[in-house]
Amino acid sequence: MKDLKLLFLSLLAVAAFILTGGLAQAGSSKEAIDPVKTCGVGPTTDIIAIDQLWDAYAHNLDSGDADGVADLFTDDGGYILLYNNRKTQTLDPMGYSPNSATDGKGGKVGGGCTALGHNAIVNFLTAIGLGNNFPRPQLGHHIVTSKCIDVEGDHATMTAYWNGLTGPNDEVSPPTTTTTVSDGGQYDNTFVRVHEVWKADQNRVVFDSNITTFPCRN
C-alpha cells in the first residue's frame, strides 16, 4: 500500500510539472502576439496641435469657408475621396473624376475625386455647396470622433470616424424639424510640419458607401 501511495504522489508531481510547463509556454506564446495598435504616440504638444487643426477644419467646412479650409493644407495637399468596397474589401476611388465643370459633374463617373492644391480645394468645395459663394446658416455639421493621432518627427498620421449631420430646415416644404445623419465614414490622413506649423497633407476621406456621382470640380 505504501508503494502505491508513493507511485500516486509521483504521478501527481509529474502532472503538475507538465501542467505548469504548458501554462508557461502558453503565456510566452501570448506575449509574442503583436499588441493592439495604440494611439497618441509622440509629443503631446504636437498631438494637441493636430487635434485642434482638425477641429478648425470641421468648423471652417461647416461655415462654408473654403479658403479657410484650404489654408489648413500644404501647398500640394488636399482631398482624395474613397469608399469602402465591402465586396472586394478594398478602398476604391469615389465620385466623378476631376474636371472643370462649374457643378463638378463633367468628369468620369466613378473615376475618383481628388482635389490637390489651394485652388482645387476651393473649387471642389464650391461644387458641393460648401464654397465661399454660398454663405448660409450652418444647416449641416461634421462630427469627428475617435481620433487616433501618431507623430514621428515632422510627420504625423490620423485615423478618425466622421459623420455628416443635416439639421432642421424651414426653407423646404414641408419643413424639417429634426437632425439626421446624412453620411459617414473614416478619415485616413497625413500631416506635415511646415515652418514649425502643422499642416494637413492628404485628407483621405473614406465613405461608408459608394456615391459614384459625387461632384468633383478642379
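Observations on the structure shown:
- Net charge over other residues, Cβ less than 13 angstrom from the Cβ of V206 (K, R count +1; D, E count -1): -2
- If you take all other residues with their beta carbon under 15 Å from the beta carbon of G95, and give Lys and Arg +1 and Asp and Glu -1, the sum is 0.
- Set of the range 60-95 residues, backbone N closer than 17 Å to the point 7 Å along the Cα-Cβ line of K108: 81-83, 92-95
- The Cα center of the range 49-66 and the Cα center of the range 110-128 differ in position by 17 Å.
- Taking every Cα-Cα distance in the range 44-207 and sorting them into 5 Å bins from zero, the calculated P(r) comes out as 2, 8, 15, 20, 21, 16, 11, 5, 1, 0, 0 percent.
- One decimal place: the segment H195-V172 gains 3.6 nm when fully extended, by the rule 0.36 nm per residue minus the C-alpha distance.
- Unit charges on C-beta of K, R, D, E only; dipole of the range 73-196, Debye: 420
Just so you know, all these numbers are worked out from the coordinates, no wet-lab data involved. These numbers were taken from a predicted model, which means no experiment stands behind them. Glycine gets a Cβ as well: all are built from the backbone with ideal geometry, and neighbour counts include every protein chain shown.
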